[in-house]
Protein chains: 2
Amino acid sequence: MTYCVGLLVNQGIVLLADTRTNAGVDNIATYRKMFIFETPGDRVVAIMAAGSLSITQTTIARLAEANVVEGANPETAILLAPTMMDVAAIIGNTLAKVRSEVEQKLAPVGQGAAASMIVAGQRRGGRMRMFLVYPEGNFIQATDDTPFLQIGEHKYGKPILDRVVRPETSLADAQKAALLSMDSTLRSNLSVGMPLDLAVIERDACRMVLTRRYEAGDPEFRGISESWANAIRESFSNILV
Amino acid sequence: MTYCVGLLVNQGIVLLADTRTNAGVDNIATYRKMFIFETPGDRVVAIMAAGSLSITQTTIARLAEANVVEGANPETAILLAPTMMDVAAIIGNTLAKVRSEVEQKLAPVGQGAAASMIVAGQRRGGRMRMFLVYPEGNFIQATDDTPFLQIGEHKYGKPILDRVVRPETSLADAQKAALLSMDSTLRSNLSVGMPLDLAVIERDACRMVLTRRYEAGDPEFRGISESWANAIRESFSNILV
């Protein structure tokens, strides 16, 4: 499985993805699930992927290719598309098409495959946007009422987001919330694992201001994790029933 | 859906169940999911149920009947069975049989149905036990390594249990942990709802020492919920990233 979370707050966007993939618990590997496309200052698009790796890798490869191919055009190139909504549509169409191809290959053995994506970013002159693209290619976007989106193993890490994330949450706090949401998921579910990929986009910068990999045993992540564990235990013992 | 959680600690057993059932989000009702069988001082058995109501109600009705029918015997009556392991086996067999009957009725329309149960209690002279009975009738039991069991919407409420529940956790703290685990689930998932049923069994009492229903708006539950929300928010703002 996978856990990816994206937060869209007034100050910017925070994205966090794990890197664990598994085909059964005895076949575990590390694959990057976060992909960044940018023309710094003009446009930044980040994609996080969950689901069948054969679908997500091919989708990302085709999206990358469409930006650089001779005759690249706004209909298929996410770095050229007129709006973020168009970017989401291109990604949705590509994802659905690749899925359909993979499912045709799997049909003889009676299996299916699917993948979903979180797409976030901003183009110059437009607003920041964040979308959840479904396996069928349709998509929804984050709003002020629901300023975060999750894909993969989303349940363990949802309570903390429900409690603390609002549009007015600072970018630093959004980063903290994403890390704590991931921390809860890592502790409770073996199919989500380190290292983690973090990306931060500031509003109107139209480029990545921070990308960071947290390797297993990263002292900063471990510090946050331990502080939170202690704070939870302390809060727990202070509650009176 | 449903959320039921049972904690088996050295001092006793704490059980907590919600009461929401739904057949689609437009068909929501309240049904008790916790059932208590006891011969106070001799034996206490509590059952919590998740899954298809047509299976769980019939299963509970048959288990109740088997205790009082003429010629009630230790092979089928959970109040007479020699050990708690036998109690779990009787419940598993009954559950699997009812499920099989219901599935035969559903087969023509291509549907299935299933239910699972948490069974906890003690008989005089035996140890406290807690089991998770699967839809097929097999079961596992809680151990010192894993002193809690969950059925239904278990993911939202698992992180807090992973963090604070150990065999040496006091009965009061186990009750608090169960309520906070339920609180996180209620906040994040609409298919789990108030009122809640709580039951507490002290070690070697072989009877219920406390049963309590928390209605919607219950001031005690609301107090715990609000204190916890405040504590989480305060802890969150104290963590340095």
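Under 5 Å from the amide H of residue B:115 lie the amide H atoms of B:52, each residue being 5 or more positions distant or on a separate chain, with H modelled from the backbone and absent for Pro and chain starts. Under the criterion of Cα pairs below 8 Å and six or more residues apart, the relative contact order for chain B equals 28 percent.
Per the Kirkwood treatment, what hydrodynamic radius in Å, one decimal, follows for the protein assembly as shown from the mean inverse distance over all distinct Cα pairs? List each step's numbers first, then the result.
Numbers: mean 1/r = 0.0408 Å⁻¹.
When all Cα pairs of the protein assembly as shown are included, the Kirkwood radius is 24.5 Å.
Inter-chain neighbour count for B:152-158: the average number of beta-carbon atoms from partner chains within 10 Å of each residue's beta-carbon is 5. With a 10 Å cut-off around each Cβ of B:223-233, the average count of Cβ atoms from other chains is 4. Distances between equivalent label points of residue B:30 across the copies, with each point positioned 7 Å along Cα→Cβ, amount to 5.2 nm, shortest listed first. Interface A-B: total buried accessible area of about 3100 Å², 1.4 Å probe, protein heavy atoms only. Sequentially through the stretch A:44-52, phi angles give Karplus couplings (6.51, -1.76, 1.60; θ = phi - 60°) of 9, 10, 10, 10, 10, 10, 10, x, 4 Hz, Gly and Pro residues having no value and appearing as x.
At 1.4 Å probe size, with the rest of the protein present, what percent of the exposed accessible area of the protein assembly as shown is carbon and sulfur atoms?
On the protein assembly as shown, the fraction of accessible area on carbon and sulfur atoms equals 49 percent.
Ordering B:45-54, B:224-233, A:53-62 by mean Cβ neighbour count within 10 Å, with the highest value first, yields B:45-54, A:53-62, B:224-233.
Among the residues of the stretch A:183-198, those with an accessible-area drop of 20 Å² or more from chain alone to full protein complex, heavy atoms and 1.4 Å probe, are A:184, A:187, A:188. Only Cα pairs under 8 Å and 6+ residues apart enter the sum, and on that basis the relative contact order of the stretch B:41-112 stands at 26 percent. Only helices enter this figure: runs of n ≥ 4 DSSP H residues, each worth -39500 (n - 2.57), summed and divided by the residues of chain A, yield -11500 deg cm²/dmol at 222 nm to the nearest 500. Each other copy places its own label point for residue B:57 at 5.2 nm from this one, sorted shortest first, where the point lies 7 Å along the Cα-to-beta carbon line. In chain B, the beta carbon lying closest to the axis that superposes B onto A belongs to the residue given here with its whole-angstrom distance, B:155, 2.
Accessible area per residue for the protein assembly as shown in Å², computed with a 1.4 Å probe and the full protein assembly in place, what is it? Display every interim value, and only then the final one.
Values: 20760 Å² over 482 residues.
Result: 43 Å² per residue.
Note on residue B:109 and residue B:141: with the Förster distance fixed at 30 Å, the Cβ-Cβ geometry gives a FRET efficiency of about 0.25. The lysines whose alpha-carbon is closer than 30 Å to the alpha-carbon of residue A:97, local same-chain residues fewer than 8 away aside, are A:33, A:105, A:155.
The values are calculated or read from the model by the stated rules, or taken from the named source; none is laboratory data. In this text, all values refer to a predicted model and were calculated from it rather than measured experimentally. Every residue, glycine as well, gets a Cβ built from its backbone with ideal geometry; the counts of neighbours run over all protein chains shown. Quick note on the areas: whole protein, heavy atoms, side chains included, nothing else; ligands and nucleic acids left out. Shrake-Rupley method; radii C 1.70, N 1.55, O 1.52, S 1.80 Å.
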